[in-house]
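A quick write-up on the structure given underneath.
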Amino acid sequence: MTEITLTTLRKDLFRIVDRVLETGRPLTLVRNGRRLTIAVQPDYSTPEGREQRFDRMMAMGVREDAADFDPGDISDGAHLDWSAEDNPR
């Protein structure tokens with residue numbers, strides 16, 4: 001990832017932005033020790049873009065809100081269903 005200062009960006013804004021769009025490589029701007037990244041957003045309307053989005057979401061892992069998760073009472077064993085193994089055909 002390339003890092004530049006805002007002064008450098010101001011001097012040649014259009015050329016730098018065009019380079020980011022052409023290469024797809026993100027650019028990091030540095031100001032007073034803080035960083036801001038400029039990156040190309042994938043086009044999710046294409047199959048390749050949807051695959052990239054899926055891969056990114058899978059890399060984050062499954063996210064569930066604790067309020068939406070209901071494990072129920074697992075101590076009674078009611079959640080276990082062995083009927084298919086108990087009665088083979």
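Here, each number is a calculation from the coordinates, and none is a lab measurement. Predicted model only: the values in this text are computed from it and were never measured. Cβ coordinates were reconstructed from backbone atoms using ideal geometry, including for glycine residues, and neighbour counts include every protein chain displayed.
Listed values, structure above:
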{"item": "Cα shape, the stretch 1-51, gyration tensor, a/c 1.5 rule", "result": "prolate"}
{"item": "Around D12: net Lys/Arg minus Asp/Glu count, Cβ-Cβ under 11 Å", "result": "+3"}
